[in-house]
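S.K.: Dropping the structure in here first, questions after.
The values are calculated or read from the model by the stated rules, or taken from the named source; none is laboratory data. Treat the numbers as computed from the prediction; the structure is a model and nothing was measured. So basically every Cβ, Gly included, is an ideal-geometry build from the backbone, and we count neighbours across all protein chains shown. Remember, those area values only see protein heavy atoms, side chains included, never the ligands or the DNA or RNA. Shrake-Rupley method; radii C 1.70, N 1.55, O 1.52, S 1.80 Å.
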Amino acid sequence: MDKKQAIQVLETIATYMEIKGENPFKIAAYRRAAQALEQDGHTLAEIDDPTAITGIGQATADVIQELKETGASSLLNELAQQLPAGLLPLLTIPGLGGKKVGKLYRELGITDAESLLQAAKAGQIRALAGFGKKSEDNMIEALAVWNVRPERLPVADVLPFSEQLEQQIAGFDDVIRFSRAGSLRRMRETVKDLDYIIATDNPPSVKDQILQLEGIANIIAKGNGKVSVELDLEEHTISVDFRLVPDEAFATALHHFTGSKDHNVRMRQLAKKRGEKINEYGIETVETGAIQTFPDERAFFAHFGLPYISPEAREDGSELERYRETAEEVSFIDAKADLHMHTTWSDGAHSLEEMAEAAKKRGYTHIAITDHSRFLKVANGLSIERLKQQHEYIREYNQQNNGITILTGIEMDILPNGELDYPDELLSEIDFVIASIHSAFSQSEEKLMERLQAAIFNPHVDLVAHPTGRLIGKRKGYAVDVPTLIQWASEAGCALELNASPRRLDLEVPWLKLAAETGVPIAINSDAHRIGTLANVEYGYAHARKAMLLPDQVLNTWPLEKLQQWLKRKH
Ligand code: DGT
Ligand code: CA
Ligand code: CA
Ligand code: ZN
């Protein structure tokens, strides 16, 4: 349990109390406590007596203590049990919060999506105070698309599930080795289903263990070569294909089922020229019918005179030429730094020292601490005063030879009116300045581009973070003319971010390729708000391999001296 999670629990308690219709003062106390916790600069572990913080009373302090000690809140559990299970998901319908869901529950007896739809169709909702005919119509519309399983799922929704599934497979008997295949191994932004290759001498045993996995909603196929099941994934299900192969066929099966189809087509063309045929069991010499197998994919590619091509890069076939030209450089991107992360100084869960220590453990030589700027009040953005304090603190930290260098930094808001959140003379004193948009997402393209232009051409701004603001499968992003943005970044000598959060992966692959061609440096950053998400950079580097970026095009691979030299450039 970290501070961000504790804040989340306090807010959820307030929402559930709202649904139950409890005393507004009591509800407000939980919201105030959440806010007070956010604004306090300590980590959860450092807070011994929560009541010492203004805004936290005895009742909310008890919840915080319990969270610290047990990792859970009995109050939250009780509240959740008192409310119908089908009611809580309704909170995710756009326009419905605790107050409105509470009204629907208490005044109309609505307990789930179905009863909500019935009431809306019967015209009962418009009769409630605070609702109207329009909100009733909106609700019917929202319910029609709500919770319908999309054709493809965002990779971020699938990753925690697949990682857990893989832990289970790792514990199976009779598994020699196994791997992800398909679009997940290629790290596409969205996936239709999951694919696994399992090497085994005992397919019936592995099949039985698969069929005993928890959460099987449906069995689609159960042969000794292929097992397909639908597994429960939160509100939806996801299909998983398992291919069971003998170990000698593992490499070719893995290559075949990793795809993409276009990549496979190109590889088969290569084979044909040599009088060979590729299939999932091996490579067949057409004349003799002899089958050749390989210990791993590297040997498979070497057979065709190719370097090992990263799975992420295997898409339209152009990767064959790219890898031939640049050897394996493209797949060897080594992170030396993370240049975007948050601490308890703004809305992060861990302290500056904790983040730095965790970054050092990841093998970084340097990082930038980039908390939010003053405009972002909800995230406890830094006043000029506190920013200066933090930077003083960082300079002291760097003198202690802690084994990692911290660059002073800021994630500065680009305000809705196009101004930047701090004056130039302050920015000129900061090592690494990030500019981001966190407000007025729905402005016109013209207005948004004006804002981005102001940031990119400001001589002190080094990086524009999550440049399009998209959330995969959820939000398209703001109206950005990306090619123009990339052109500007190239003219101004400003870097653009590849935000490694699997929900963002922003910029997306075609734009990364364009930025790289245009000579715009890319920064692959975690944007971590807690120690655990520092590891998100792995998804960012996978995404970079998909765009086949070279290490030199990525700011985070540069040694500190080279980065510092670049930071001195002035555009
Ligand atoms: P998805 O599931 O739509 O997110 O994308 P994939 O690539 O995982 O597609 P999937 O699960 O249908 O098949 C996995 C891989 O197996 C695919 O990338 C290439 C290979 N594969 C499947 N069917 C065919 C096919 O008909 N022809 C060829 N060449 N390859 C296939
Ligand atoms: Ca698939
Ligand atoms: Ca499949
Ligand atoms: Zn951030």
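S.K.: If you look at just the Cα atoms of segment 319-380, how large are its Rg and its Dmax in Å?
M.R.: Gyration radius and largest Cα-Cα distance of segment 319-380: 17.2, 50 Å.
S.K.: Dipole of the chain (Lys/Arg Cβ +1, Asp/Glu Cβ -1, origin at the Cα centre): which of G363, A335, L233 lies farthest to the positive side?
M.R.: Of the candidates, L233 comes out farthest on the positive side.
S.K.: Full extension from A142 to E538: what is 0.36 nm times the residue separation minus their Cα-Cα distance, to one decimal in nm?
M.R.: Details: separation 396, 0.36 × 396 = 142.56 nm, distance 3.52 nm.
Taking A142 through E538 to full extension adds about 139.0 nm, to one decimal.
S.K.: Heavy-atom accessible area per residue, the chain, 1.4 Å probe: how many Å²?
M.R.: 44 Å²
S.K.: When only DSSP loop residues count, what GluC sites (Glu not before Pro) in segment 117-223 have their Cβ near at most 14 other Cβ atoms within 10 Å?
M.R.: Taking segment 117-223 and a limit of 14 other Cβ atoms within 10 Å, the loop GluC sites (Glu not before Pro) found are E151, E214.
S.K.: Separate question: Got the relative contact order for the chain handy, in percent, Cα pairs under 8 Å and 6 or more residues apart?
M.R.: 10 percent
S.K.: Please sort 287-300, 309-322, 485-498, 337-350 by packing, taking for each peptide the average over its residues of neighbouring beta carbons within 10 angstrom, highest first.
M.R.: Top of the packing list down: 337-350, 485-498, 309-322, 287-300.
S.K.: Could you point to the residue in A313, T288, I278 farthest towards the positive end of segment 257-321's charge dipole, with +1 and -1 charges on the Cβ of Lys/Arg and Asp/Glu respectively?
M.R.: Going by the charge dipole, the pick is T288.
S.K.: Looking at segment 495-571, which trypsin sites (Lys or Arg not before Pro) are DSSP coil and have at most 16 other C-beta atoms within 10 Å of their C-beta?
M.R.: Answer by residue number: K568, R569, K570.
S.K.: State whether segment 220-336 is rounded, prolate or oblate according to the following rule on the C-alpha gyration tensor (a ≥ b ≥ c being the square roots of its eigenvalues): a/c under 1.5 gives rounded; otherwise a/b larger than b/c gives prolate, and the remaining case gives oblate.
M.R.: Here segment 220-336 falls in the oblate category.
S.K.: Another one. Would you please give the FRET efficiency between E11 and E445, computed as 1/(1 + (r/R0)^6) with r the Cβ-Cβ distance and R0 = 35 Å, to the nearest 0.05?
M.R.: That pair, E11 with E445, gives E of 0.55.
S.K.: Here's another thing I want to ask about it. Starting from the Cα of R322, step 7 Å along the direction of its Cβ; do the same at R149; then give the gap between the two resulting points in nm.
M.R.: Rounded to a tenth, the inter-label distance reads 3.2 nm.
S.K.: Here is a further query. If you place +1 on the Cβ of every Lys and Arg, -1 on the Cβ of every Asp and Glu, and leave all else neutral, what size is the dipole of segment 3-146 about its Cα centre, to the nearest 20 Debye? Could you put the intermediate results ahead of the total?
M.R.: Details: 15 positive and 18 negative charges, 143 e Å.
Computed about the Cα centre, the dipole is about 680 debye.
S.K.: Averaged across orientations, what area in nm² does the convex hull of the alpha carbons in the chain project?
M.R.: Hull-based average projected area comes out at 29.7 nm².
S.K.: Give the peptides 25-35, 194-204, 268-278, 428-438 in descending order of average Cβ contacts within 10 Å, highest first. Could you put the intermediate results ahead of the total?
M.R.: On the way: 25-35: 18.1, 194-204: 20.0, 268-278: 14.5, 428-438: 21.9.
So the order, starting with the most tightly packed, is 428-438, 194-204, 25-35, 268-278.
S.K.: While we're looking at this one, here's another question. Along Cα→Cβ, 7 Å out, is where each label goes; now give me the distance between the ones at K261 and A72 in nm to one decimal.
M.R.: Rounded to a tenth, the inter-label distance reads 4.7 nm.
S.K.: At a 1.4 Å probe radius, carbon and sulfur cover how many percent of the accessible area of segment 372-418?
M.R.: Numbers: 1070 of 2210 Å².
So the carbon and sulfur contribution to the accessible surface is 48 percent.
S.K.: May I pose another question? Just for the Cα atoms in segment 3-146, what are the lengths along the principal axes, largest first, rounded to whole Å?
M.R.: 53, 26, 24
S.K.: Right, next: Check K226: other-chain or 5+ apart residues with amide H under 5 Å from its amide H, H built from backbone geometry?
M.R.: Under 5 Å from the amide H of K226 lie the amide H atoms of L244, each far enough along the sequence or on another chain.
S.K.: Mind listing the long-range amide H neighbours of A368? Cut-off is under 5 Å, sequence gap 5 or more, other chains count too, H placed in the peptide plane at 1.01 Å from N.
M.R.: Amide H neighbours of A368, under 5 Å, 5+ apart: D338, L339, H340, L407.
S.K.: Give the shape of segment 332-570 as rounded, prolate or oblate, defined through the alpha-carbon gyration tensor: a ≥ b ≥ c are the square roots of its eigenvalues, a/c under 1.5 means rounded, and otherwise the shape is prolate if a/b is larger than b/c and oblate if not.
M.R.: Rounded.
S.K.: Another one. Going by a ≥ b ≥ c, the root eigenvalues of the Cα gyration tensor, does segment 166-208 fall in the rounded group (a/c under 1.5), the prolate group (a/b larger than b/c) or the oblate group?
M.R.: Judged from the Cα gyration tensor, segment 166-208 comes out prolate (a/c at least 1.5, a/b above b/c).
S.K.: Here's a follow-up. Taking 0.36 nm per residue of separation and subtracting the Cα-Cα distance, what length does fully extending A28 through S205 add?
M.R.: Gain on extension, A28 to S205, equals 58.1 nm.
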